[in-house]
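Beneath this line is the structure, given in structure tokens, with notes to follow.
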Amino acid sequence: MPDAGRSWTLLMPYGELLTSNQRLHHMAAYRVQRRLRQEAAETARARGLPKLERAAIFYVLHPRPIKRNRDPGNWSVSAKAYVDGLVDAGLLPDDNSTHLAGPYPEIGPPVPSGGARMSLVIVELTPIEP
């Protein structure tokens with residue numbers, strides 16, 4: 001990215017992630033979204049991330065170690081909850097296109113055991129001039 005600055009990588013805790021292929025009851029999905037949002041806010045605060053005017057966010061899926069191809073875009077529901085948590089923590093003023101590029105999906109190395117896990121890579125960008 002030509003206007004990229006500092007960057008940070010947040011490895012999110014293990015736990016159930018949401019995918020666009022799941023068919024959960026809306027309250028069950030809400031509980032998971034709320035947890036993901038809180039985890040992202042707490043992780044960002046604990047790392048002491050600075051307030052940014054604009055950033056690009058890549059979410060990196062670390063899948064379970066099974067032999068089949070993955071589509072990391074299916075985990076965009078989880079990434080959206082994490083981004084909302086970063087906004088809650090004050091990292092960005094909003095998650096609209098003025099302040100956020102992405103989130104962009106990537107696939108990472110598999111986790112050694114257990115369920116899938118996600119990392120967020122936050123790249124500071126130059127603010128858009130009005």
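From PRO112, PRO2, grab the single residue that is at pLDDT below 85, closer than 30 Å to GLU129 by Cα and out of contact with any strand residue (DSSP E or B) (no Cβ under 9 Å at 6 or more places or on another chain). Spell out the reasoning first.
Numbers: PRO112 fails: closer than 30 Å to GLU129 by Cα.
So the residue among PRO112, PRO2 that is at pLDDT below 85, closer than 30 Å to GLU129 by Cα and out of contact with any strand residue (DSSP E or B) (no Cβ under 9 Å at 6 or more places or on another chain) is PRO2.
Do you know which of the residues in region 5-51 that are touching a helix residue (DSSP H, G or I) at 6+ places or on another chain (Cβ under 9 Å) and of a type in the set (Val, Ile, Thr) is modelled with the lowest pLDDT? Talk me through it step by step, then tell me what you get.
To start, the set of residues in region 5-51 that are touching a helix residue (DSSP H, G or I) at 6+ places or on another chain (Cβ under 9 Å) comprises 8, 10-13, 15-22, 24, 29, 32-44, 49.
Remaining after also requiring of a type in the set (Val, Ile, Thr): 19, 32, 43.
Values: THR19: 84, VAL32: 93, THR43: 97.
The qualifying residue modelled with the lowest pLDDT is THR19.
Going through region 64-99 one residue at a time, which ones are within 26 Å of ALA46 (Cβ to Cβ) and of a type in the set (Ser, Thr, Tyr)?
SER76, SER78, TYR82
Can you tell me how many residues within region 35-80 are without any contact (Cβ under 8 Å) to a residue 40 or more places away in the chain, open to solvent by 80 Å² or more (accessible area, probe 1.4 Å) and over 18 Å from ILE122 (Cβ atoms)?
4
May I ask you to say which residue of ARG47, ARG37 is charged (D, E, K, R) and in contact with an Asp or Glu (Cβ under 7 Å, 6 or more places away or on another chain)?
On the way: ARG47 fails: in contact with an Asp or Glu (Cβ under 7 Å, 6 or more places away or on another chain).
Unique residue meeting the criteria: ARG37.
The values are calculated or read from the model by the stated rules, or taken from the named source; none is laboratory data. Predicted model, so just to flag it, every value in this text is computed and none were measured. Cβ atoms come from the backbone with ideal geometry, glycine included; neighbour counts cover every protein chain shown. All accessible areas refer to the heavy atoms of the entire protein, side chains included, with ligands and DNA or RNA removed. Shrake-Rupley method; radii C 1.70, N 1.55, O 1.52, S 1.80 Å.
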